[in-house]
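Chemist: The structure's right below; bear with me while I get my questions together.
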Amino acid sequence: ATSPTTSGSASSDATSTTTSATGAAVLAAYRAGWAAFEHALADANPEDPELAATMIPPQLTGVRANLSVDRQQGMVGRGSFTLHPKLVSLSATTATVVDCAYSTSVLVYAKTGKPVPPITPPENDGVSSELILTGGVWKVYKQTVTDGKCASGS
């Protein structure tokens, strides 16, 4: 009888496990960024601490600016985003995620609850996000959303 042989090595197995764990961390950070945005949008709070916990400038700056305008105009968000992210690139400190997010989110007037025109029906939106590892935490650095059209490869 001969002994069974194994292929591969401990280092390649460790690398794939690390890559898999890192990819999962990136996708979790991407989802956390959206959850923070939904949370802040519900009362148009540009200083919501969840934003800074999940985003860095320029994404954080842009989101805060938009929420400030919404707040000044008496608007808040209702609805949600259903995410389907895919990790398309990953390095030691950067990652790119694409998504075809289903959005039921609408802006409403906080005092009346009536939708702010123009009213957008639920739709699939294309999302392309760049995340950066900063201080040991993955955060959304840049994000582009294309209303009504999914991102290539999502």
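Chemist: Among the lysines, which fall within straight-line cross-link reach of residue 139, defined as a Cα-Cα distance under 18 Å, with same-chain neighbours fewer than 8 residues apart omitted?
Modeler: 86
Chemist: Counting pairs of alpha carbon atoms under 8 Å apart in space and at least six apart in sequence, what relative contact order in percent does the chain give?
Modeler: Over the chain, the number comes to 21 percent.
Chemist: Right, another one. Can you tell me the length gained on complete extension of the stretch residue 69 to residue 123, counting 0.36 nm per residue apart and subtracting the Cα distance?
Modeler: 17.1 nm
Chemist: Compute, for the range 77-154, the length of the dipole vector about the Cα centre, with Cβ point charges of +1 (Lys, Arg) and -1 (Asp, Glu) only. Units Debye, rounded to 20.
Modeler: 260 debye
Chemist: GluC sites (Glu not before Pro) within the range 13-109: which are DSSP loop residues with at most 14 other Cβ atoms inside 10 Å?
Modeler: Answer by residue number: 47.
Chemist: Tally Lys and Arg at +1 and Asp and Glu at -1 over the other residues with C-beta under 11 Å from the C-beta of residue 98: what net charge comes out?
Modeler: -1
Chemist: Between the range 25-75 and the range 94-154, how many Å separate their Cα centres?
Modeler: 11 Å
Chemist: Within the range 96-114, whose backbone N sits under 19 Å from a point 7 Å along Cα→Cβ of residue 50?
Modeler: 101-108, 110
Chemist: May I ask for the longest run of the chain untouched by trypsin sites (Lys or Arg not before Pro) that are loop-located per DSSP and have at most 14 neighbouring C-beta atoms (other than their own) within 10 Å?
Modeler: Counting at most 14 other Cβ atoms within 10 Å as exposed, the longest clean stretch of the chain is 1-110.
Chemist: Sticking with this structure for a sec: Just name one of 154, 98, 119: the one whose Cα is farthest towards the positive end of the charge dipole of the range 46-154 (beta-carbon charges, Lys/Arg +1, Asp/Glu -1).
Modeler: 119
Quick note: the coordinates plus some simple rules give every number you see, no bench work behind them. Please read all numbers here as calculations on a predicted model, not as lab measurements. Ideal geometry is used to build each Cβ from the backbone, glycine not excepted, and the neighbour counts take in all protein chains shown.
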